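Student: Dropping the structure in here first, questions after.
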Amino acid sequence: MLKAILDRHLNLSRFFVGEGPQLPPYLLHRRRVYILPTRQGLIFAFLVFVMLLASVNYNNNLGYMLTFLLTGVMVISIFHTYSNLLALEIGPAMLKPAFAGHTTPVAIQITNHGFTTRCAVECRLPKQPAVTLDVAANSSIFVRLPIKFDRRGLHPLPRFIVATVFPLGLFRAWSHVQLQQSILIYPAPADDPCLPQNTHGDQQGETRTVQGLDDFEGLRNYQPGDSLYRIHWKTAAKHQLLQTKQYVGSAAADLYLRWADTTRQDVETRLSQLTRWVLLADAASRTYGLEIPGHAYPPDSGPAHKHRCLAALALYGSSDDSRT
Amino acid sequence: MTAELNQSRAATAFLLAGLTTAILPLLIQLPLLVGLFCAGLLLWRFLHDMGRVPLPRKPVLFGLLLLVMLGVFQHFHTIIGRHAGSALLICLLCLKLLELRTLRDVSMAVQLAFFSILAGFLFNQSIPAAVLMFAAVILLLGALLTFHHARAGYHSTAAVEKGHIAHAARMVLYAVPLMLILFVLFPRLNTTLWSLPEDASQGQTGLSGTMSPGLVSRLSNSPEVAFRAQFDTAPPDKLLRYWRGPVLWFFDGFTWSAPDSAPLLITTPVLEQKRNKISYHITLQPHQSTWLFALDMPGAVPDGALMNDALQLLSPQPVSKLLKYRVDSYLHYVLPRQSDRPNITFLAVPRHIGPQTRRLVQQLQRQHPAPEAFINAVLDHFRENDYYYSRTPPLLFDDPIDEFLFQSKRGYCEHYASTFTIMLRLAGIPARVVTGYQGGEMNPLSNYMIVRQSDAHAWSEVYLNDKGWVRVDPTAVIPVNRIENPADAVRLRPGLIDVSRYVDREWYKKTLKQFRFAVDVINNHWNQWVVGYNEKRQRSFFDIIGILEFGWYGIGYLLVAALSLVTLLIGFRILTLQRGKSDPVRRIYRRFLKKTARRKLYQAPTEGALSFAARVAERFPAQRTALLTIAETYNDLRYGHPDQDALAELRQAINNLRLTP
């Protein structure tokens with residue numbers, strides 16, 4: 001029992017690396033905030049000590065007074081710095097998928113339920129520049145931390161540091177925060193400028209009228225996943241209802257992005273090439289399907305479809321693959 | 001900390017204001033040139049912040065630094081010591097202002113400013129200096145705080161900046177209890193850690209230890225307090241308030257002095273036929289010399305003091321800080337006669353001076369051969385001829401004795417004491433000059449007497465064979481109508497003249513006087529309890545609270561205990577203030593958010609409780625009712641009129657929630 005309590009309170013790893021992944025929101029309570037003097041704080045303490053020596057030597061009572069006042073201020077600033085972090089809620093983070101090798105901002109929500117503004121709170125991901133900002137009383141903000149992953153897949157959000165030296169810079173309070181959240185990293189798109197030319201339509205020997213891009217057909221009710229570009233905003237204003245414009249095109253426009261069509265042999269390069277194709281097809285507003293070993297997505301378009309395809313590429317061959 | 005500084009105009013303004021407040025008391029003590037130099041640098045910084053001028057480059061800064069070093073050395077011939085060190089410190093501080101690139105620079109400037117406040121206290125420990133200290137500390141901390149806040153790149157507004165000064169003031173306010181505990185309990189030492197620099201004592205007004213009547217044409221009229229006396233018995237009669245100070249016996253024709261230090265007495269003389277004992281404490285303002293003052297004549301030497309051959313009280317070290325001592329004096333006494341007459345030093349007169357005076361002395365001596373009769377004759381000479389008491393007598397160039405006695409006939413106490421002493425010596429009667437203060441004003445608001453520099457006085461002591469040394473004040477014989485200044489008449493002839501003629505009749509003058517007395521009461525308390533708080537006072541305080549018997553360990557424990565207790569209280573106050581009241585609804589709801597987070601569902605900051613619950617219910621349709629109950633109860637607690645047991649309901653609903661598909 002006692003051992004358990006001691007382990008909980010005196011675990012050195014908590015001091016250096018925090019508590020490990022925790023579900024958001026992560027409340028910075030007393031046991032989670034650490035505080036130590038900064039270099040400036042040590043210099044300041046030394047200065048106060050020198051002032052004390054001078055006061056003793058000259059037996060100067062107002063000198064004593066100044067020395068002791070500054071000592072008091074130093075002690076008080078411990079509490080001010082500590083309470084500048086205390087009871088903040090960190091997380092959840094808004095994680096948008098990103099491409100491998102690209103720096104992307106991670107938006108982490110910080111909530112202050114207290115009555116005072118938390119000034120100059122600093123957040124820093126490992127090996128990244130710190131971001132310093134204020135969290136106003138009773139409000140919540142997003143801090144955008146740049147992050148970069150070199151490999152595709154589902155990555156746990158790395159541990160980051162929330163710290164502050166406010167108000168006087170004499171002490172630094174900090175907390176290691178690791179949110180139990182993951183960020184999806186798409187493969188890095190290859191430098192491949194053109195799409196493959198093959199389509200599926202030829203093999204079926206007929207021309208179907210399918211949803212396409214060419215001719216306007218009519219309107220139907222909006223469904224989640226429809227492209228924003230296709231919403232008929234005019235009727236939206238009139239009917240308080242979102243409608244999506246329907247186009248028809250020939251099946252010949254259907255594009256199939258296939259594992260087999262990639263020119264390279266290496267798995268990662270193939271995935272990169274497919275990623276580029278998905279992006280190109282999406283940018284050209286084409287209807288496209290994706291076929292990779294284990295997955296086949298019929299032709300479609302829109303951001304939801306794009307995400308589905310890219311996620312499949314990102315998770316290809318990993319244990320998380322089955323999840324989607 | 002090494003982060004590039006976010007320039008904030010408000011922060012620099014606070015810094016400038018704080019620095020100015022910090023160095024102000026010091027600037028007054030230093031040569032004008034230092035003040036002008038610092039003002040120039042401050043102005044430079046100010047203009048820069050206004051966007052007018054650029055800051056100097058490195059070589060220029062280096063040049064200015066060299067200039068400061070050379071200038072200080074040139075003026076003081078040293079760079080250590082109180083004056084030179086202070087001058088160097090504040091010049092460097094102001095130079096630092098032109099080079100604020102990082103937060104570390106700011107931090108350093110603030111710390112230098114704290115040091116210069118401390119340096120200022122070596123010169124001046126008055127109440128205004130203390131008030132300035134608090135103002136400077138608040139402004140400097142406010143500046144530090146604003147610079148640190150500026151890192152967040154906030155949008156500077158007047159409200160935010162006012163908030164920072166308030167924040168700094170609050171920190172100082174919280175620090176005050178800690179300061180008081182440390183101030184009272186921190187052990188005071190009676191010794192210094194290392195020897196003080198030479199110039200730690202100089203430059204105070206007061207008696208000079210020499211006397212040159214005729215060379216100084218203007219008497220000090222400074223209302224500055226010389227010392228305060230608190231009487232245990234009734235204060236002495238106004239005519240008997242002679243505060244004995246330096247005794248001078250060597251006259252070179254112009255200046256009276258005490259060239260060789262008189263031998264110290266091992267056993268103090270026992271006064272004979274002593275009457276009218278007066279017991280009192282004297283709180284002496286620092287005057288940087290060794291002499292102490294006491295009513296004529298102290299019956300014993302105070303603790304820690306010395307007495308020399310001329311019965312003058314001395315301190316072992318120069319009085320460089322407020323000194324309090326206790327004396328018993330006897331207003332009427334007879335000094336034990338010395339076995340032999342005092343030696344030739346008390347009869348010496350420079351050969352070349354006073355030919356006319358010598359003739360007058362011979363004439364008077366023929367008429368009055370007995371010493372007492374001769375003394376009275378000399379006093380009568382002053383009384384019956386046209387001698388005036390004047391604060392601004394003409395200067396005397398060749399022979400101050402003859403010129404005063406036969407030509408100008410106008411002078412103040414020094415002229416009379418000097419001339420009288422010389423005349424007695426010419427008649428073969430040993431005599432010497434005593435300087436000190438005469439008079440003193442009771443503060444009606446509190447029972448103590450104030451003696452000011454303007455009460456400075458000089459009189460004579462004459463050795464009579466049958467009585468020993470006797471005090472004679474020749475100035476006292478000048479009739480009231482020959483005292484030029486009414487204020488002097490009141491001072492020198494208390495009770496003899498109609499004082500009401502000179503009392504301020506206008507109400508505002510009376511009020512002003514009353515106000516001055518009140519201010520002096522405050523100053524006196526400040527001196528007694530703050531500036532004069534020393535080892536002795538601390539011991540008596542420890543004695544009162546009964547900690548003394550436990551020794552230094554007891555005091556150490558008390559110090560630690562008091563500090564810890566107060567720190568805990570303040571810390572608790574700050575932490576609860578910051579966190580706000582603990583919100584039970586929030587606490588319980590947070591548990592719900594944890595449960596949803598485990599299923600990777602997070603409430604967005606813009607999402608209401610109901611829509612979030614609905615979103616969760618899409619994933620877990622089985623719990624739909626429970627989820628909606630939670631959201632509705634939460635909303636009710638937050639925004640509606642909740643039932644008595646709504647909180648318990650919410651808690652139960654959240655505890656029972658199982659998010660399983």
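The values are calculated or read from the model by the stated rules, or taken from the named source; none is laboratory data. From a predicted model like this one, the values you see are computed outputs, not experimental measurements. Counting neighbours? That spans all protein chains shown, and the Cβs are built from the backbone with ideal geometry, glycine included. Keep in mind that these areas ignore ligands, DNA and RNA; they rest on the heavy atoms of the full protein, side chains included. Shrake-Rupley method; radii C 1.70, N 1.55, O 1.52, S 1.80 Å.
Student: Out of the stretch B:625-656, which residues are under 15 Å from B:Arg599 (Cα atoms) and either open to solvent by 60 Å² or more (accessible area, probe 1.4 Å) or at pLDDT below 90 (or both)?
Tutor: The answer is none; no residue qualifies.
Student: Related question: For the stretch A:119-138, does any single residue satisfy the condition of being touching a His at 6+ places or on another chain (Cβ under 9 Å), at the interface with chain B (Cβ under 9 Å from one of its Cβ atoms), under 19 Å from B:Ala152 (Cα atoms) and open to solvent by less than 30 Å² (accessible area, probe 1.4 Å)?
Tutor: Yes, the stretch A:119-138 has at least one match.
Student: Just to be sure before I move on: is B:Leu112 within 25 Å of B:Val34 (Cα to Cα) and modelled with pLDDT of 95 or more in the structure I sent? Explain how you work it out, then say what you get.
Tutor: Working: within 25 Å of B:Val34 (Cα to Cα): yes; modelled with pLDDT of 95 or more: no.
Judged against the criteria, B:Leu112 is not a match.
Student: Still on this model: With the requirement that a residue be at pLDDT below 70, open to solvent by 30 Å² or more (accessible area, probe 1.4 Å) and touching a Phe, Trp or Tyr at 6+ places or on another chain (Cβ under 7 Å), what does the stretch A:183-203 give you?
Tutor: A:Asn198, A:His200
Student: Take A:Ile183 and tell me if it is within 14 Å of chain B (Cβ to nearest Cβ) and at negative phi.
Tutor: On the way: within 14 Å of chain B (Cβ to nearest Cβ): yes; at negative phi: yes.
Judged against the criteria, A:Ile183 is a match.
Student: Considering only the stretch B:359-382, state which residues are open to solvent by 10 Å² or more (accessible area, probe 1.4 Å) and under 44 Å from the mean Cα position of the chain (by Cα).
Tutor: Answer for the stretch B:359-382, where residues must be open to solvent by 10 Å² or more (accessible area, probe 1.4 Å) and under 44 Å from the mean Cα position of the chain (by Cα): just B:Leu379.
Student: Follow-up. Which one of these is in the same structural domain as B:Ile23 (by TED's automatic domain parsing), among the aliphatic types (A, V, I, L, M) and closer than 16 Å to B:Ala11 by Cα: B:Leu103, B:Leu95?
Tutor: Details: B:Leu95 fails: closer than 16 Å to B:Ala11 by Cα.
Of B:Leu103, B:Leu95, the one residue that is in the same structural domain as B:Ile23 (by TED's automatic domain parsing), among the aliphatic types (A, V, I, L, M) and closer than 16 Å to B:Ala11 by Cα is B:Leu103.
Student: Would you mind finding the one in B:Leu93, B:Leu139, B:Leu100 that is outside any helix (DSSP H, G or I) and away from chain A (no Cβ under 11 Å)?
Tutor: Numbers: B:Leu93 fails: outside any helix (DSSP H, G or I); B:Leu139 fails: outside any helix (DSSP H, G or I).
So the residue among B:Leu93, B:Leu139, B:Leu100 that is outside any helix (DSSP H, G or I) and away from chain A (no Cβ under 11 Å) is B:Leu100.
Student: Among the residues of the stretch B:571-587, is any within 19 Å of B:Gln652 (Cβ to Cβ) and not in a helix (DSSP H, G or I)?
Tutor: Of the stretch B:571-587, the ones within 19 Å of B:Gln652 (Cβ to Cβ) are B:583-587.
This time we only want the ones that are not in a helix (DSSP H, G or I), so: B:583.
Within the stretch B:571-587, one or more residues are within 19 Å of B:Gln652 (Cβ to Cβ) and not in a helix (DSSP H, G or I).
Student: To continue, here is another question. Give me the residue from the stretch B:254-277 that is in contact with a helix residue (DSSP H, G or I) (Cβ under 9 Å, 6 or more places away or on another chain) and outside any loop (DSSP other than H, G, I, E, B) and, out of that set, least open to solvent (accessible area, probe 1.4 Å).
Tutor: Per the stated criteria, the residue is B:Trp256.
Student: Moving on to the next point. Would you mind stating whether A:Ser285 is open to solvent by 60 Å² or more (accessible area, probe 1.4 Å) and either without any contact (Cβ under 8 Å) to a residue 40 or more places away in the chain or over 15 Å from A:Arg151 (Cα atoms) (or both)? Quick ask: steps written out before the conclusion?
Tutor: On the way: open to solvent by 60 Å² or more (accessible area, probe 1.4 Å): yes; either without any contact (Cβ under 8 Å) to a residue 40 or more places away in the chain or over 15 Å from A:Arg151 (Cα atoms) (or both): yes.
It is true that A:Ser285 is open to solvent by 60 Å² or more (accessible area, probe 1.4 Å) and either without any contact (Cβ under 8 Å) to a residue 40 or more places away in the chain or over 15 Å from A:Arg151 (Cα atoms) (or both).
Student: Kindly indicate whether B:Met133 is at pLDDT 80 or above, open to solvent by less than 30 Å² (accessible area, probe 1.4 Å) and more than 11 Å from chain A (Cβ to nearest Cβ).
Tutor: Working: at pLDDT 80 or above: yes; open to solvent by less than 30 Å² (accessible area, probe 1.4 Å): yes; more than 11 Å from chain A (Cβ to nearest Cβ): no.
In short, no.
Student: Working only within the stretch A:67-99, note down all residues that are at the interface with chain B (Cβ under 7 Å from one of its Cβ atoms) and part of a loop (DSSP other than H, G, I, E, B).
Tutor: A:Leu86, A:Ala87
Student: If you go through the stretch A:153-180 one residue at a time, how many are crowded, with 20+ Cβ neighbours inside 10 Å, among the basic types (Lys, Arg) and either away from chain B (no Cβ under 12 Å) or assigned to a loop (DSSP other than H, G, I, E, B) (or both)?
Tutor: 0
Student: Right, next: From (1) open to solvent by 60 Å² or more (accessible area, probe 1.4 Å); (2) closer than 21 Å to B:Arg241 by Cβ, pick out the condition that doesn't hold for B:Trp291.
Tutor: Unmet condition: (1).
Student: Is one or more of the residues making up the stretch A:41-56 touching a residue at least 40 places away in the same chain (Cβ under 8 Å) and buried (at least 20 other Cβ atoms within 10 Å of the Cβ)?
Tutor: Yes, the stretch A:41-56 contains a residue that is touching a residue at least 40 places away in the same chain (Cβ under 8 Å) and buried (at least 20 other Cβ atoms within 10 Å of the Cβ).
Student: Within the stretch A:35-66, count every residue that is at the interface with chain B (Cβ under 7 Å from one of its Cβ atoms) and either more than 42 Å from the chain's Cα centre (by Cα) or among the hydroxyl-bearing types (Ser, Thr, Tyr) (or both).
Tutor: Looking only at the stretch A:35-66, we keep the residues that are at the interface with chain B (Cβ under 7 Å from one of its Cβ atoms), and these are A:38-40, A:44, A:47, A:51, A:53-54, A:56-66.
From the residues that got through so far, the ones that are either more than 42 Å from the chain's Cα centre (by Cα) or among the hydroxyl-bearing types (Ser, Thr, Tyr) (or both) too are A:38, A:47, A:51, A:53-54, A:56-66.
Matching residues across the stretch A:35-66 total 16.
Condition check ((1) modelled with pLDDT of 85 or more; (2) in contact with a Ser or Thr (Cβ under 9 Å, 6 or more places away or on another chain); (3) open to solvent by less than 30 Å² (accessible area, probe 1.4 Å); (4) under 29 Å from B:Phe147 (Cα atoms)) across all residues:
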position: B:Ala22; (1), (2), (3), (4): yes, yes, yes, yes
position: B:Leu33; (1), (2), (3), (4): yes, no, no, no
position: B:Phe37; (1), (2), (3), (4): yes, no, no, yes
position: B:Arg45; (1), (2), (3), (4): yes, yes, yes, yes
position: B:Leu70; (1), (2), (3), (4): yes, no, no, no
position: B:Ile80; (1), (2), (3), (4): no, no, no, no
position: B:Ser86; (1), (2), (3), (4): yes, yes, yes, yes
position: B:Leu95; (1), (2), (3), (4): yes, no, yes, yes
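Student: Only residues in the stretch B:529-558 that are closer than 30 Å to B:Phe121 by Cα count as the first member; pair them with residues that are open to solvent by 60 Å² or more (accessible area, probe 1.4 Å), Cβ under 6 angstrom, at least 6 apart or cross-chain, and list the lot.
Tutor: Pairs that qualify, where the first residue is closer than 30 Å to B:Phe121 by Cα and the partner is open to solvent by 60 Å² or more (accessible area, probe 1.4 Å), are B:Gly532/B:Lys324; B:Glu535/B:Asn190.
Student: Within the stretch B:549-564, is there a residue that is under 60 Å from the mean Cα position of the chain (by Cα), away from chain A (no Cβ under 14 Å) and acidic (Asp, Glu)? Outline the logic, then answer.
Tutor: Within the stretch B:549-564, the subset under 60 Å from the mean Cα position of the chain (by Cα) is B:549-564.
Subsequent filtering for residues that are away from chain A (no Cβ under 14 Å) retains B:549-558, B:561.
Now drop any that are not acidic (Asp, Glu), which leaves B:549.
Yes - at least one qualifying residue is present in the stretch B:549-564.
Student: For residues that are more than 7 Å from every other protein chain (Cβ to nearest Cβ), in contact with a Phe, Trp or Tyr (Cβ under 9 Å, 6 or more places away or on another chain) and buried (at least 20 other Cβ atoms within 10 Å of the Cβ), tally how many sit in the stretch A:100-115.
Tutor: Number of matching residues: 4.
Results for (1) open to solvent by less than 50 Å² (accessible area, probe 1.4 Å); (2) outside the structural domain of B:Glu632 (by TED's automatic domain parsing); (3) at pLDDT 90 or above, shown as yes or no for each residue.
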{"position": "B:Gly546", "(1), (2), (3)": "yes, yes, no"}
{"position": "B:Val560", "(1), (2), (3)": "no, yes, yes"}
{"position": "B:Leu569", "(1), (2), (3)": "no, yes, yes"}
{"position": "B:Tyr589", "(1), (2), (3)": "yes, no, no"}
{"position": "B:Leu601", "(1), (2), (3)": "yes, no, no"}
{"position": "B:Ser611", "(1), (2), (3)": "no, no, yes"}
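Student: (1) touching a residue at least 24 places away in the same chain (Cβ under 8 Å); (2) farther than 17 Å from A:Thr67 by Cα; (3) more than 23 Å from the chain's Cα centre (by Cα): which one isn't true of B:Leu141, the others all being true?
Tutor: Against the list (1) touching a residue at least 24 places away in the same chain (Cβ under 8 Å); (2) farther than 17 Å from A:Thr67 by Cα; (3) more than 23 Å from the chain's Cα centre (by Cα), B:Leu141 comes up short only on (2).
Student: In addition: Only one of these is under 30 Å from B:Phe231 (Cα atoms), in the same structural domain as B:Phe254 (by TED's automatic domain parsing) and surrounded by 19 or more Cβ atoms within 10 Å (Cβ to Cβ): B:Leu331, B:Leu322, B:Leu306. Name it. Spell out the reasoning first.
Tutor: Numbers: B:Leu331 fails: surrounded by 19 or more Cβ atoms within 10 Å (Cβ to Cβ); B:Leu306 fails: surrounded by 19 or more Cβ atoms within 10 Å (Cβ to Cβ).
Going through B:Leu331, B:Leu322, B:Leu306 in turn, the sole match is B:Leu322.
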